[in-house]
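The values are calculated or read from the model by the stated rules, or taken from the named source; none is laboratory data. Bear in mind the structure is a predicted one, so any value in this text is a computation, not a measurement. Cβ placement follows ideal geometry from the backbone for every residue including glycine, while neighbour counts extend to all protein chains displayed.
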Amino acid sequence: MTRSTNNSSAAEAVFESIHSLMHLYRAQQYRALRHGPYDLTHMENKVLGFFARQPGATLSDLVQRSGRDKAQLARLIKGLRDKGLLEGEADASDRRSVRLRLTEAARAVHQLLEEQTRYLDALAVEGFSDEECQHLVGLLERVRANLDRAS
């Protein structure tokens, strides 16, 4: 094998490992919701997290912060409102704009997911020293920097 083939195989193994790790993490993260009334996607959870941190924000605020497509986010928000997880009221100064916030049910779901996330974070690095965690973060930051150079 040539050096580039070895590097290619190593790179493929790195990204396959990252992909499978994140898939496992997300599956275990959302396991906490399986027995409840809400089946949320990762993106729905991200939207709820935004409005948990920014109560009273608008769809435009979310689009600006996330850089995602406005139509996609509008559909996500509609779905979350239909599920009773987001509520809104027209902005007093601009009636076309709706200020959104979590419902009581959404706050409970968000709290449960936050607790599950803290548990999984600790479990994932159990047995790692602080130095090992810092080294791993440093390696992943190098991967990100390499990819950032390509854009």
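Exactly one residue out of L48, L76, L100 is surrounded by 12 or more Cβ atoms within 10 Å (Cβ to Cβ), in contact with a strand residue (DSSP E or B) (Cβ under 7 Å, 6 or more places away or on another chain) and part of a helix (DSSP H, G or I): that is L48. For the stretch 14-69, the set of residues classified as more than 22 Å from L86 (Cα to Cα) and hydrophobic (A, V, I, L, M, F, W, C) consists of V14, F15, I18, L21, M22, L24, A27, listed by residue number. Can you find even one residue in the stretch 103-112 that is of a type in the set (S, T, N, Q) and at pLDDT below 95? Within the stretch 103-112, one or more residues are of a type in the set (S, T, N, Q) and at pLDDT below 95. Scanning the stretch 51-69 for residues that are within 23 Å of A92 (Cα to Cα) and in a helix (DSSP H, G or I) yields F51, A52, R53, L59, S60, D61, L62, V63, Q64, R65.
When the stretch 79-96 is limited to residues that are in contact with a helix residue (DSSP H, G or I) (Cβ under 7 Å, 6 or more places away or on another chain) and in a loop (DSSP other than H, G, I, E, B), the one that is surrounded by the most Cβ atoms within 10 Å (Cβ to Cβ) turns out to be L85.
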